[in-house]
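The structure under discussion appears below in the form of structure tokens.
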Amino acid sequence: MAVIEKKDLHMGRLLNRYKRFLADVELEDGSIITAHCTNTGSMKSCWESGDFVLLEHHESATRKLKYTWLACQRNGHWVGVETGMPNRVVAAAALLDHLPGLPGLKSVVTEQKYGHENSRIDVLASDQQGRRVFIEIKNTTLKMDDHALFPDAITERGTKHLRELQSVVKEGHRAAIVFFIHRTDVQAFDAGREIDLVYGEELDRAANNGVEVLPLRVDLSAQKQDNGLWCFRWNLVGLFPWIRRDL
């Protein structure tokens, strides 16, 4: 059973992604549209021109771009590119008590201020012993060899979040960092140490200081509907191993 699914999506073929926010796509009927890309990062290893993509159409008079790019098919595997989905999927799974690695959650809320460095936690819950559980979620799409890596660029903000999580553990709470592996063509996880060694070292320190590191394995699947449009599903199926890559 999918944690979240989106129906009535449009399939197309990617022509180009440019200016960070924009992607030109040829739809199945041959028309060419410009879609909104929510991922403003490099998106390295996520797409190439000619890949199949799934788009969500929005009927809104206030939207300039009527389509949002949700996912890309790379060599027969899906890669999620809509950056808001990881938080939505993890929060929904926590509410259902279906979050791998963190069973027994209750009192789930999102986007709560916390910490000593003016941070905001993605998901805050309680466990069966009544302890608060702080959950930070990182959308993870970079692929090297058979590994998913985070980050894909230097992230001082991400390093700050690791410090904040360690602080709440010292205060007697639980803390977890969920790396939402938003693609289906990898076998393991590690920090992107080649890209941000400081972040990698801080992740190692956080794990040693009691922060739970959860590389979340996400099943991404598409199915054509009877009306000719598409349905896309996000389902959580376990955790990937955290295996350090040789630099």
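The values are calculated or read from the model by the stated rules, or taken from the named source; none is laboratory data. Note that this is a predicted model, so its numbers are computed, not measured. Cβ atoms come from the backbone with ideal geometry, glycine included; neighbour counts cover every protein chain shown.
Table for the structure above
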item	result
Test: residue in the range 55-64 that is charged (D, E, K, R), buried (at least 16 other Cβ atoms within 10 Å of the Cβ) and at pLDDT 95 or above	yes
L229 vs. criteria at pLDDT 95 or above and either on the phi < 0 side of the Ramachandran plot or buried (at least 18 other Cβ atoms within 10 Å of the Cβ) (or both)	yes
Qualifying residue in the range 167-185 (condition: touching a strand residue (DSSP E or B) at 6+ places or on another chain (Cβ under 7 Å), farther than 21 Å from T110 by Cβ and assigned to a strand (DSSP E or B))	yes
Verdict on D29 being under 23 Å from V89 (Cβ atoms), acidic (D, E) and over 17 Å from the mean Cα position of the chain (by Cα)	no
Residues that are more than 14 Å from H161 (Cβ to Cβ), part of a loop (DSSP other than H, G, I, E, B) and free of Cβ contacts under 8 Å to residues at least 24 places away in the same chain, drawn from the range 84-130	D97, P103, Q129, G130
Matching option when the condition is assigned to a helix (DSSP H, G or I) and either within 21 Å of M43 (Cα to Cα) or of a type in the set (G, A, S) (or both), among G200, G210	G200
Selection within the range 43-54 - under 12 Å from M11 (Cβ atoms) and either free of Cβ contacts under 8 Å to residues at least 60 places away in the same chain or loosely packed, with under 14 Cβ neighbours inside 10 Å (or both)	D51, F52, V53
Residue match in the range 4-16 (condition: outside any loop (DSSP other than H, G, I, E, B), over 20 Å from R233 (Cβ atoms), at pLDDT 95 or above and among the hydrophobic types (A, V, I, L, M, F, W, C))	yes
Checking A93 against (1) surrounded by fewer than 18 Cβ atoms within 10 Å (Cβ to Cβ); (2) of a type outside the set (V, I, T); (3) closer than 30 Å to R132 by Cβ; (4) within 14 Å of the chain's Cα centre (by Cα), the condition it does not meet	(1)
Residue satisfying all of: in the range 66-90; more than 11 Å from I4 (Cβ to Cβ) and β-branched (V, I, T); surrounded by the most Cβ atoms within 10 Å (Cβ to Cβ) among these	V81
Selection from the range 211-247 of residues that are aliphatic (A, V, I, L, M) and touching a residue at least 40 places away in the same chain (Cβ under 8 Å)	V211, L214, L216, V218, L220, A222, L229, L236, V237, L239, I243, L247
Filter result for L65 (over 16 Å from the mean Cα position of the chain (by Cα), in a loop (DSSP other than H, G, I, E, B) and not assigned by TED's automatic domain parsing to the domain that holds F21)	no
Answer from R183, R163 - the residue that is of a type in the set (K, R) and over 22 Å from T40 (Cβ atoms)	R163
